[in-house]
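Encoded as structure tokens, the structure appears first; notes follow it.
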Amino acid sequence: MSRGQESEKDGDGSPLLSGVRPNHGSDTRAGQISRFLIVFLPFAILFSIACLSPERLTQSLKLRPSYSGEDWKAESHGKNDEYLIGVGKADITGPCVEINLMGYADPHQIGTGLRQRLHSRAFIVADPTNPSDRFAYLVLDTQSGDTAVRYGILSGLQELGPEYGVYGHHNLAVTGTHSHSGPGAWLNYLLPQITSKGFDQQSYRAIVDGALLSIQRAHESLTPGHLSVGSTKVFGANINRSLFAYLANPEEERARYNTSSEDDGSVEKDLTMLKFQRTSDGKNIGVLTWFPTHGTSMLGNNTLISGDNKGVAAYLFENSVINDETAAEGFVAGFSQANVGDTSPNVLGAWCEDGSGQMCSFENSTCSNGRSQHCHARGPLFTVDDEGTSSCFEIGKRQFEPAKKLYDQLNQEPILIRGSWVKSFHTFHNMSNHHFQLPNGTEVKTCPAALGYSFAAGTSDGPGAFDFTQHDSNASNTSPVWRVVGGMLKSPTEEQIACHAPKPILLDVGEVSSPYQWTPNVVDVQVFRVGQLVIIVSPGEATTMAGRRWKNAVADEITALFADETLSAPPVVVLGGPANSYTHYITTEEEYG
């Protein structure tokens with residue numbers, strides 16, 4: 001039994017987070033559990049840090065004092081901005097035929113071949129004066145990170161020998177690009193294994209072994225170098241597919257992010273880049289970026305394996321620098337997800353494919369018959385009959401082009417990461433029955449996970465197969481068969497129903513552990529830090545506003561905790577995921593309700 005399994009066994013057996021889709025035409029609706037995540041997770045990270053001894057607190061995340069604004073821009077490289085850096089890349093493709101694809105939860109989407117190979121891209125940063133202080137951030141061309149995959153990687157690192165003993169739970173992040181076009185059947189919990197008809201060792205080993213090799217290559221390439229960070233706008237690569245839910249957030253909050261007609265704030269348009277440059281010859285060895293758009297450019301009728309639009313962006317970037325004198329051989333470009341929950345790469349919106357020529361209902365993504373099956377989102381080149389391939393390439397290109405321009409700008413005017421501190425933090429937290437207080441003083445608690453009716457309705461990127469609609473109790477238009485099915489699995493208690501309200505419970509999977517856990521009970525809480533850059537490693541898909549609140553909360557707390565420091569730049573906080581274990585969606589309270 002793995003350590004993670006032991007942790008869950010020691011808990012109360014109820015999983016963390018519902019796999020429900022946000023309401024109002026969005027992907028999930030997550031009850032008080034989701035409210036808890038948005039309120040509690042940033043607190044959990046910082047509270048756990050604050051509970052350390054003063055000495056360990058200082059060593060954990062403390063920003064290094066130092067520079068005035070002019071020094072920041074003009075000062076040449078020094079020891080306080082030099083790190084050990086390494087990058088690595090390896091194949092994780094696995095079986096391509098006769099295996100269910102992971103993402104759309106469609107048991108009929110069976111692989112028939114390969115369009116693009118999948119990879120693990122590893123990025124390691126270490127403190128040269130104390131090399132055990134390091135972190136490894138992985139970007140896999142998969143739907144998400146996963147508990148079984150992460151434990152497989154950790155076990156493999158131990159087998160590589162004592163040199164790799166510096167890697168562990170605290171400093172390894174396993175993130176997925178959220179591609180919906182990769183092989184499935186590798187996840188730890190039962191729920192995602194249902195549509196893949198079980199667990200496939202070949203699929204699992206391909207991911208674990210490739211991820212291990214990418215870490216090994218990054219580890220062996222560690223060299224002194226510098227990091228620089230910057231951001232740019234990316235237009236035309238994402239929209240909010242749950243706009244009705246997003247508009248439930250306070251108007252004054254939304255107004256803070258409405259900056260132009262191109263950037264109305266409904267989704268994040270910022271792409272943040274971390275550039276890795278080695279000291280020996282000044283060449284760049286890689287870039288790691290964060291930008292939110294779903295890996296659903298390839299449609300649900302696609303049966304060829306690919307890394308979706310993030311895989312395209314990475315491919316284009318890596319090929320663009322092959323003959324670039326600023327880039328080293330073996331350059332690695334990682335395109336990581338951000339607060340992706342309510343985003344879509346199908347930027348032309350959701351339309352009814354029923355001959356009506358009408359857009360889907362704004363409120364619940366249905367068509368004239370009141371159902372969602374004919375509602376499909378359209379990518380920029382949707383008229384090409386190629387299962388979304390042309391749109392996928394275009395959305396990847398729209399991420400690559402501004403990223404490449406930012407890369408060139410950082411070569412000319414680098415914004416250095418400074419401060420010799422490289423720190424990581426990780427803990428497991430059982431969130432199924434946690435009591436806490438909301439900012440308004442209300443005492444609440446989380447509850448075991450449950451799937452709602454809107455979960456079964458799917459999204460405009462991938463509508464469900466049954467008679468469910470989003471943002472609806474579905475009581476009047478749903479077959480009574482589903483009540484029987486839900487009751488056979490586990491009938492929710494009155495307490496469970498009240499806890500998940502206003503979301504009606506379809507399947508009370510959170511309290512089912514036969515034949516084993518259906519969904520996570522214990523969640524990874526993790527954060528990395530190098531200089532002024534802080535990376536939130538999210539176990540689930542945060543929506544646009546949920547991610548903003550999370551990042552703002554962390555930035556505010558870090559600024560307050562380390563007010564004695566005199567950095568000339570504020571913290572740069574990014575959010576990456578879904579990572580380590582997949583906990584579905586994280587929404588704001590307003591979006592949920």
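The values are calculated or read from the model by the stated rules, or taken from the named source; none is laboratory data. None of the values given here were measured: they were computed from a predicted structure. For neighbour counting, all protein chains shown are included, and Cβ atoms are generated from backbone atoms with ideal geometry for every residue, glycine included.
In segment 264-289, of all residues being among the hydroxyl-bearing types (Ser, Thr, Tyr) and assigned to a loop (DSSP other than H, G, I, E, B), the one that is farthest from Val574 (Cα to Cα) corresponds to Ser280. From the list Glu363, Glu329, the one residue that fits, being outside any loop (DSSP other than H, G, I, E, B) and surrounded by fewer than 24 Cβ atoms within 10 Å (Cβ to Cβ), is Glu329. A search for C-beta distances below 6 Å between a residue of segment 150-164 that is surrounded by 12 or more Cβ atoms within 10 Å (Cβ to Cβ) and any residue that is modelled with pLDDT under 95 and polar (S, T, N, Q), counting only pairs 6+ apart in sequence or on different chains, returns Tyr151/Ser2.
Of the residues making up segment 170-184, those that are among the small types (Gly, Ala, Ser) and either in a loop (DSSP other than H, G, I, E, B) or in contact with a Cys (Cβ under 7 Å, 6 or more places away or on another chain) (or both) are Ser181, Gly184. The set of residues in segment 114-149 being aromatic (Phe, Trp, Tyr) and either surrounded by fewer than 21 Cβ atoms within 10 Å (Cβ to Cβ) or touching a helix residue (DSSP H, G or I) at 6+ places or on another chain (Cβ under 9 Å) (or both) consists of Phe123 alone. Reported count of residues in segment 545-561, each being among the aliphatic types (A, V, I, L, M) and touching a Pro at 6+ places or on another chain (Cβ under 7 Å), is 4.
Taking segment 58-150 and the strands (runs of 3 or more DSSP E) fully enclosed by it, the elements with 2 or more residues that are closer than 30 Å to Gln412 by Cβ and modelled with pLDDT of 95 or more are at 83-91, 119-127, 130-140.
So that you can scan it fast, the table gives a plain yes or no per residue for (1) under 26 Å from the mean Cα position of the chain (by Cα); (2) at pLDDT below 95:
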{"site": "Ser391", "(1), (2)": "yes, no"}
{"site": "Asn411", "(1), (2)": "no, no"}
{"site": "Thr427", "(1), (2)": "yes, no"}
{"site": "Phe436", "(1), (2)": "yes, yes"}
{"site": "Gly458", "(1), (2)": "yes, yes"}
{"site": "Gly464", "(1), (2)": "yes, yes"}
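Of all the residues in segment 487-530, those that are within 13 Å of Tyr189 (Cβ to Cβ), in a loop (DSSP other than H, G, I, E, B) and in contact (Cβ under 8 Å) with a residue 40 or more places away in the chain number 8.
Restricting attention to segment 86-113, the residues being among the hydroxyl-bearing types (Ser, Thr, Tyr) and surrounded by fewer than 18 Cβ atoms within 10 Å (Cβ to Cβ) number 1.
The single condition among (1) more than 30 Å from Tyr83 (Cα to Cα); (2) touching a residue at least 60 places away in the same chain (Cβ under 8 Å); (3) in a loop (DSSP other than H, G, I, E, B) that Pro292 does not meet is (1).
One line per residue, one yes/no per condition, for (1) modelled with pLDDT of 90 or more; (2) buried (at least 23 other Cβ atoms within 10 Å of the Cβ); (3) polar (S, T, N, Q):
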{"site": "Ser473", "(1), (2), (3)": "no, no, yes"}
{"site": "Asn477", "(1), (2), (3)": "no, no, yes"}
{"site": "Pro480", "(1), (2), (3)": "no, no, no"}
{"site": "Val484", "(1), (2), (3)": "no, no, no"}
{"site": "Lys490", "(1), (2), (3)": "no, no, no"}
{"site": "Val509", "(1), (2), (3)": "no, yes, no"}
{"site": "Gln517", "(1), (2), (3)": "yes, yes, yes"}
{"site": "Gln532", "(1), (2), (3)": "yes, yes, yes"}
{"site": "Ile536", "(1), (2), (3)": "yes, yes, no"}
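Just give me the residues in segment 186-206 being under 12 Å from Ala148 (Cβ atoms) and small (Gly, Ala, Ser), in sequence order. The answer is Ser203, and nothing else.
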